[in-house]
Structures are given as structure tokens and as C-alpha cells.
Amino acid sequence: MKALLLIDIQNGFCPGGNLPVPEGDQVVQVANKLIDSGKYDLIVASQDWHPAGHGSFASAHSGKKPFEMGTLSGKPQMMWPDHCVQNTEDARLHPGLHIDAVDFIQQKGQNPAVDSYSAFRDNDQAALTGLAAYLRGKSVTELDLCGLATDYCVKFSAIDAVEMLPGVTVRFIEDASRGIDPAGVKAAIEEMRVRGVAAIDSRDALA
Ligand code: VGL
Ligand code: ZN
């Protein structure tokens, strides 16, 4: 079984959103091509889904500004602008995305005391989301992933996929993804490569 995992293609990470990734909206048409290609047996999307006042928000810490480092539950934590709050427009998957074709949506980031970049588990690796079990249950052997943001949620999800789904081939689709910081994107692609995640283009995925 071959699966496509679309990471956090949400209004909040697109221009006009609360934590916009440069050109974030440009992944939508590439993602739709992949979705509609017939190459995938299973399409899964993740959705950053924070309660108001989440501990990753700078606004939840006195004296902290967005994009500064802070701490959350005693661990270093990037302070983000308020984003993807549950049941808000910001948290909605991008309206241009072909969501009718999505088989399963994995929400994450609900625990206010810990962030969850990965679609598979919280950053402290304690609580699992259930996505690994879902994909195992579907006998997935190949997993292509893409979306937003390359240097955060895409990277962490890719690394966890390799670790938590032994035997599954994991690939990162570069032109269907965008990142927050160019240096971070470069480092993320290298980190994924070292862990066995090849970077490919949608052209390769569709071939
Ligand atoms: C993300 C920062 C905070 C992401 C989510 O989807 O990459 N980044 N929350
Ligand atoms: Zn978040």
C-alpha cells in the first residue's frame, strides 16, 4: 500500500494566516496533482489543532515575543504566534485542497503543555497521535510526504515515520513543500537524507 501524507496544509501556514510560510499556498496545486494522480492507495492529512492559549504561543508567556526561544514544561520551545486554534478559519485545511479525496485527518498539538511538530507523536515523544498505528493497520509500505513547514512539521514527521514504521520507504516531495527559514530547510533536507528519507520532486512521484 502506497500512502501520501499531507502535512499541515492549513490557512494558518499560508500567506494571510497567523504563521505564514513563504509561498505556503503554492503547495496546494502540486498536492492536488499528487492526490488526483491515482498513484496513491491512501491519502492522509495532518492538521495542527491547538487549544486557545497553547503553551507554544508567545502570548501564553509574559514578556515573550513570537520567534524567540522560550521554555515549555521545562524544555526549550520556539515561541510561535497564536496559530491554528481549534475550530477557527486559521486551522482549516486550505480551501483549495482536494480534501474530499483525503481518507483520514490526523489532528495534533491539542495538549497545551507540549508542542507536536510530528504528525506521529508529541515533541517529548511520550504521547502518540495514533497515525503510526493507523498506517500499520492499512499495511502501508511506501509513504510520500510533503506540505508545511519543511523545517518543522514535515521534517519531524518524516523522521518519526522512519523510526516508527520500520520497513516503510519514506520519501519527501520537495516541490510540494515549503519552509519557514531557508537555512532551516537546507538543514532539514540533509537531516532527512541522513535518516533515509530521499528528497524527490512531484515529477518523480508521478512517474
Ligand atoms: C508548525 C510551527 C508550529 C508546522 C506547526 O506545521 O510546521 N510549525 N506549529
Ligand atoms: Zn503549531
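The values are calculated or read from the model by the stated rules, or taken from the named source; none is laboratory data. Given the structure is predicted, the values throughout are model-derived calculations rather than measurements. Cβ coordinates were reconstructed from backbone atoms using ideal geometry, including for glycine residues, and neighbour counts include every protein chain displayed.
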**Asked** Picking from D90, D100, D82, which residue would you name as being exposed (fewer than 13 other Cβ atoms within 10 Å of the Cβ) and on the phi < 0 side of the Ramachandran plot?
**Response** D100
**Asked** Taking the range 26-60 only, how many residues are surrounded by 20 or more Cβ atoms within 10 Å (Cβ to Cβ) and of a type in the set (D, E, K, R)?
**Response** 1
**Prompt:** For the range 62-86, what are the residues that are more than 23 Å from S157 (Cβ to Cβ) and more than 15 Å from ligand 1 (Cβ to nearest atom)?
**Reply:** S62, G63, K65, T71, G74
**Asked** On the given criteria, is I180 at pLDDT 95 or above, surrounded by fewer than 23 Cβ atoms within 10 Å (Cβ to Cβ) and in contact with a Pro (Cβ under 9 Å, 6 or more places away or on another chain)?
**Response** yes
**Request:** Go through the range 1-25 and count every residue that is part of a helix (DSSP H, G or I) and surrounded by fewer than 16 Cβ atoms within 10 Å (Cβ to Cβ).
**Result:** 0
**Request:** Can you work out which of the residues in the range 90-116 that are hydrophobic (A, V, I, L, M, F, W, C) and within 12 Å of ligand 2 (Cβ to nearest atom) is farthest from the chain's Cα centre (by Cα)?
**Result:** V114
**Request:** Please identify the pairs in which a residue from the range 48-60 that is touching a residue at least 24 places away in the same chain (Cβ under 8 Å) has its Cβ atom under 6 Å from the Cβ atom of a residue that is within 13 Å of ligand 1 (Cβ to nearest atom) and of a type in the set (V, I, T), counting only partners at least 6 apart or on another chain.
**Result:** H50/V85; A52/V85
**Fill in**
Filtering the range 37-58 down to residues that are among the polar types (S, T, N, Q), in contact with a Gly (Cβ under 8 Å, 6 or more places away or on another chain) and outside any strand (DSSP E or B) yields S56
**Asked** When you go through V21, V30, V44 one by one, which is the residue that is within 16 Å of ligand 2 (Cβ to nearest atom) and on the phi < 0 side of the Ramachandran plot?
**Response** V21
**Asked** Out of all the residues in the range 183-193, which are out of contact with any Phe, Trp or Tyr (no Cβ under 9 Å at 6 or more places or on another chain) and surrounded by fewer than 18 Cβ atoms within 10 Å (Cβ to Cβ)?
**Response** A183, K186, A187, E190, E191
**Fill in**
In the set T141, T169, the lone residue that is surrounded by fewer than 19 Cβ atoms within 10 Å (Cβ to Cβ) and in contact with an Asp or Glu (Cβ under 6 Å, 6 or more places away or on another chain) is T169
**Asked** Which ones in the range 194-207 are free of Cβ contacts under 8 Å to residues at least 60 places away in the same chain, in a helix (DSSP H, G or I) and surrounded by 12 or more Cβ atoms within 10 Å (Cβ to Cβ)?
**Response** D204
**Complete:** Scanning the range 125-160 residue by residue, the ones that are within 15 Å of ligand 1 (Cβ to nearest atom) and of a type outside the set (F, W, Y) total 16
**Request:** Please verify whether the range 119-130 includes one or more residues that are away from ligand 2 (no atom under 16 Å from the Cβ) and charged (D, E, K, R).
**Result:** no
**Fill in**
Checking G70, G24, G74 in turn, the sole residue that is free of Cβ contacts under 8 Å to residues at least 40 places away in the same chain and closer than 23 Å to D160 by Cβ turns out to be G74
